[in-house]
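**Student:** I am attaching a structure below and will ask some questions about it afterwards.
The values are calculated or read from the model by the stated rules, or taken from the named source; none is laboratory data. Remember, predicted model here, so these are calculated numbers, not experimental data. Virtual Cβ from ideal backbone geometry, glycine too; neighbours counted across all protein chains shown. To get the accessible areas, we keep the full protein, side chains included, count just its heavy atoms, and leave off ligands, DNA and RNA. Shrake-Rupley method; radii C 1.70, N 1.55, O 1.52, S 1.80 Å.
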Amino acid sequence: MKRPLALAGVTLLAGSVLVATATSTSAAPTPPVTPPSEAQAVRTAEDHIDARPAAIEAAPGETYSVYRTTVDDDGAAHVRYNREYQGLRVYGGDFVVHSKPGGAFDGTSVGLDSPLSLSTTAKVSAAAAQKAAKARFEGRITGTQTPELFVDASTGSGVLAWETVVSGWAPDGQTPSKLHVISDAVTGTYIGEFDDIETVAGTGASLYSGSVSVDTTLSGSTYSMIDPSHGNGRTCDMNNGTSTCTTFTDADNAWGTGATSNRQSAAVDAHFGAAKTFDYFKNVHGRNGIFGNGTGVPSRVHYGNAYVNAFWDGSQMTYGDGSGNSRPLVSLDVAGHEMSHGVTENVVSGGLTYSGESGGLNEATSDIFGAMVEFYANTSADPGDYQVGEKININGNGTPLRYMYNPTLDGASHGCWSTSTNSVNVHYSSGPGNHFFFNLAEGTGATSYGTSPVCGSAPAVTGIGRDKAAAIWYRALDAYFTSNTRYVNSSTPANTSRAYTLRAATDLYGSCSTEYRAVQAAWTAVNVAGSDATCSTGNDFSVTVSPTSASVNPGSSATATVSTAVTSGSAQTVTFSASGLPTGATASFSPASVTAGGTSTVTIATTAATAPGTYTVTLSGAGASATRTASFTLTVNGTGGTCSGTNATDVTIPDNTTVTSTIAISGCARNASSTSTVEIHIVHTYVGDLVVALVAPDGSAYTLRNRSGGSADNIDTTYTANLSSEAANGTWTLRVQDAATIDTGYINSWTLTL
């Protein structure tokens, strides 16, 4: 019970893809597609993995566990997975399976260059790895974890490695450190390292944002800086130490004076920053707070003595008071920046690896959303801009930490991508991402925020506005980025920020839209090239159909919705027709033509003389510039015979055991349909233990359910399966595997309708 979902090579059952379809015998318009539940999205993704193992670079002996599932409003779904190889965690082996509305396969996001193939026997001992890791720690060590043997695939190919976590204090004695040191488990060679601690290298009078409103909690006659409107995030005083933190309280709910000398002033900035960051992600991107679960972020201020830093440790924000304890690092963009690290590490499995180009994308993401939080808050004292940390004077000379419009102005960041970008500090490899975002939002050349140069001879870029630019970046992060996504990746070109932001722009604004072309131009302007699909220079459109298949009896009809969309240029009139119909069948469209962007209902009617079988019907939309098509699968059922059956005999399901129940079909002289149904009634006290499959007479297995549903009781569900490739006659088997311990149950009954 409560084990990770096990798939290819372990408990994923081989078989074809299940597709939820709808059938109608009237000419009424098909209702909009209902988005699948997360459990349904996972089942569909599992089927895609089973049918296309090469799409995730699968290897024998691997298992996969679901990390996160996202379902779009239109029914498209994106399921993120972690990977294990021969029982070992694969860092960089995460992937995303994408499904179109209706469940059709829509590609994957994968960081591996090729399937893993390596020995899992270490030649270097754990003790030797631990000793080497401790030698790399700079500062005072307080603890060392036992090294973990794992597969390091952060570069795209797998290496057997040790990961040793060394905890302690950095050389300044105040910055906590949780250093992960990676070493080759065969040769002992140092591979790399990263730190979990990500640093900045009522009403209230704040230090930087002016007079602002803050939400607090009243208990008796005392107000506390606990924000009930934003997940009860609290702000507390470290009293210039590094351990105890006391929640701020006040008698009149008027906090701070706007001066550093009042300890509440810095707290107002931190409390306000946490609330605005929460609101930005929730109200703009639909994310329920930093962690996605509505929980607020704790903020600790006045940390350490003259501590010139701020950091995110995975669960909370910590702010130092700056040089001489005179300039607390609590500005709005710093708060937004650091908490955006929390978004990244909760959205992408393992976060964006904090080194090289993926680490640069991690930092760029935080800079981007830190700036967007500043714009969102829209305070007169700290208006939005594209400088990072301009208020906190961490450099001591009045300059910001970074300049998004021209990253090279800080003297170290890369403004244009080069082959050396992967080798610099992540705060400097963030430059191409920051520069891209500014170009996309505001354009190149002279702007009101600063002058953005292009790289080499790249054409100038016209910006699309920061809101659209941020929507594209968040969509790419949320649905497509993997832990080792880079700017440029010659071995896996699809696993790049350019490719993923283009896909995000397509999702949001259409293929080859103005926004799509702006993304192309903005990456080109920072010297990040890619193999993009060619865009038409004229007017063009697309045609899709939903559902994509239906099954009817002779003499009945089925309907589907045919949708069009403008993919480039201007809208045009699209006229519909159909081909590939069986004898006696007709297709009619209502309306017969639409302006691109509109929809029509197609009704396919059969007669009693229409021969049973499965037919591919081509639905065509003819416009002035081109003709676009979509395929619809029509299954005409046979007549006579029994094409359904029920088995109501109870079958006990013991722990860690596979049981079966059968139904024999005879006299159904045809193939099963694409909309066959399996109605299942299983009594069980923990359905997350169960793997349920339908096995056809020829031995093909169709996964219906795979360890989903958690601790819920019983399965009383009807599944729709595309069984059109299977002969109906023969013995069909319901196979149920209990893949855990403690909870048991039994098959009560099941019905198969072909």
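**Student:** Quick check, is residue 646 farther than 13 Å from residue 727 by Cα, open to solvent by 30 Å² or more (accessible area, probe 1.4 Å), over 30 Å from the mean Cα position of the chain (by Cα) and modelled with pLDDT of 85 or more? Show your work before the answer.
**Tutor:** Details: farther than 13 Å from residue 727 by Cα: yes; open to solvent by 30 Å² or more (accessible area, probe 1.4 Å): yes; over 30 Å from the mean Cα position of the chain (by Cα): yes; modelled with pLDDT of 85 or more: no.
So residue 646 fails the test.
**Student:** Filter the helices (runs of 4 or more DSSP H) completely within region 395-512 down to those with at least 3 residues that are under 25 Å from the mean Cα position of the chain (by Cα) and more than 29 Å from residue 322 (Cβ to Cβ). It would help to see each step written out before you state the result.
**Tutor:** On the way: elements: 426-429, 431-442, 466-479, 497-509.
Qualifying helices (runs of 4 or more DSSP H): 431-442, 466-479, 497-509.
**Student:** Check residue 663 against each of (1) more than 21 Å from residue 43 (Cβ to Cβ); (2) of a type in the set (A, V, I, L, M, F, W, C); (3) modelled with pLDDT of 90 or more and name the one condition it does not meet.
**Tutor:** Evaluating residue 663 over (1) more than 21 Å from residue 43 (Cβ to Cβ); (2) of a type in the set (A, V, I, L, M, F, W, C); (3) modelled with pLDDT of 90 or more leaves (3) as the failure.
**Student:** Quick one: in region 704-754, of everything that is under 35 Å from the mean Cα position of the chain (by Cα), outside any strand (DSSP E or B) and charged (D, E, K, R), which residue is surrounded by the most Cβ atoms within 10 Å (Cβ to Cβ)?
**Tutor:** Once the filter is applied, the top-ranked residue is 707.
**Student:** Now for a different question. Quick check: anything in region 7-28 part of a loop (DSSP other than H, G, I, E, B), open to solvent by less than 30 Å² (accessible area, probe 1.4 Å) and at pLDDT 90 or above?
**Tutor:** no
**Student:** Additional query: Are any residues in region 529-568 of a type outside the set (Gly, Ala, Ser) and not in a strand (DSSP E or B), and if so, which ones?
**Tutor:** We begin by selecting, within region 529-568, every residue of a type outside the set (Gly, Ala, Ser); these are 532, 534-535, 537, 539-541, 543-545, 547-548, 552-554, 559, 561-562, 564, 566-567.
Answer for region 529-568, where residues must be of a type outside the set (Gly, Ala, Ser) and not in a strand (DSSP E or B): 532, 534, 535, 537, 539, 547, 548, 553, 554.
**Student:** Inside region 513-528, can you point out the residues that are more than 23 Å from residue 100 (Cβ to Cβ) and either in a loop (DSSP other than H, G, I, E, B) or open to solvent by less than 30 Å² (accessible area, probe 1.4 Å) (or both)? So that I can check it myself, show each step before the final result.
**Tutor:** Initial filter on region 513-528 (more than 23 Å from residue 100 (Cβ to Cβ)): 514, 517-518, 520-528.
Scanning region 513-528 gives 518, 522, 523, 525, 526, 527, 528.
**Student:** A follow-up question, please. Tally time: how many residues in region 213-265 are exposed (fewer than 14 other Cβ atoms within 10 Å of the Cβ), closer than 22 Å to residue 295 by Cα and aliphatic (A, V, I, L, M)?
**Tutor:** Number satisfying all stated conditions: 1.
**Student:** Of all residues being under 26 Å from residue 550 (Cβ atoms) and of a type in the set (A, V, I, L, M, F, W, C) in region 688-703, which is surrounded by the fewest Cβ atoms within 10 Å (Cβ to Cβ)? Just the residue, please.
**Tutor:** Pass one, region 688-703, residues under 26 Å from residue 550 (Cβ atoms): 692-698, 700-703.
Subset that is of a type in the set (A, V, I, L, M, F, W, C): 692-696, 701.
On the way: 692: 25, 693: 24, 694: 26, 695: 19, 696: 21, 701: 17.
So the residue we want is 701.
**Student:** Still on this structure, I have one more. Out of 355, 326, report the one residue that is open to solvent by 10 Å² or more (accessible area, probe 1.4 Å), of a type in the set (S, T, N, Q) and closer than 30 Å to residue 153 by Cα. Give the steps one after another, and end with the answer.
**Tutor:** Numbers: 326 fails: closer than 30 Å to residue 153 by Cα.
Testing whether each residue is open to solvent by 10 Å² or more (accessible area, probe 1.4 Å), of a type in the set (S, T, N, Q) and closer than 30 Å to residue 153 by Cα leaves just 355.
**Student:** From the residues in region 358-395 that are of a type in the set (S, T, N, Q) and open to solvent by less than 30 Å² (accessible area, probe 1.4 Å), which one is modelled with the lowest pLDDT? Before the answer, list the steps.
**Tutor:** Of region 358-395, the ones of a type in the set (S, T, N, Q) are 358, 362, 365-366, 378-380, 387, 393, 395.
Remaining after also requiring open to solvent by less than 30 Å² (accessible area, probe 1.4 Å): 358, 362, 365-366, 379.
Working: 358: 96, 362: 96, 365: 97, 366: 95, 379: 91.
Within region 358-395, the match that is modelled with the lowest pLDDT is 379.
**Student:** Please enumerate the residues belonging to region 319-328 that are modelled with pLDDT of 90 or more and touching an Asp or Glu at 6+ places or on another chain (Cβ under 9 Å).
**Tutor:** 319, 328
**Student:** Here is a follow-up. Give the residue that is least open to solvent (accessible area, probe 1.4 Å), with candidates limited to residues of region 81-113 that are among the polar types (S, T, N, Q) and out of contact with any His (no Cβ under 8 Å at 6 or more places or on another chain). I'd like the intermediate steps shown before the answer.
**Tutor:** Within region 81-113, the first condition is being among the polar types (S, T, N, Q), and the residues that meet it are 82, 86, 99, 108-109.
With out of contact with any His (no Cβ under 8 Å at 6 or more places or on another chain) added as a condition, the list becomes 82, 86.
Working: 82: 51, 86: 100 Å².
That would be 82.
**Student:** If you don't mind, another one. Can you name the condition, by its number, that residue 614 falls short on among (1) open to solvent by 30 Å² or more (accessible area, probe 1.4 Å); (2) under 28 Å from residue 682 (Cβ atoms)?
**Tutor:** In the conditions (1) open to solvent by 30 Å² or more (accessible area, probe 1.4 Å); (2) under 28 Å from residue 682 (Cβ atoms), residue 614 misses (2) alone.
**Student:** Among the residues of region 117-161, count how many are small (Gly, Ala, Ser), part of a loop (DSSP other than H, G, I, E, B), out of contact with any Asp or Glu (no Cβ under 7 Å at 6 or more places or on another chain) and open to solvent by 40 Å² or more (accessible area, probe 1.4 Å).
**Tutor:** Going through region 117-161 one residue at a time, the tally reaches 4.
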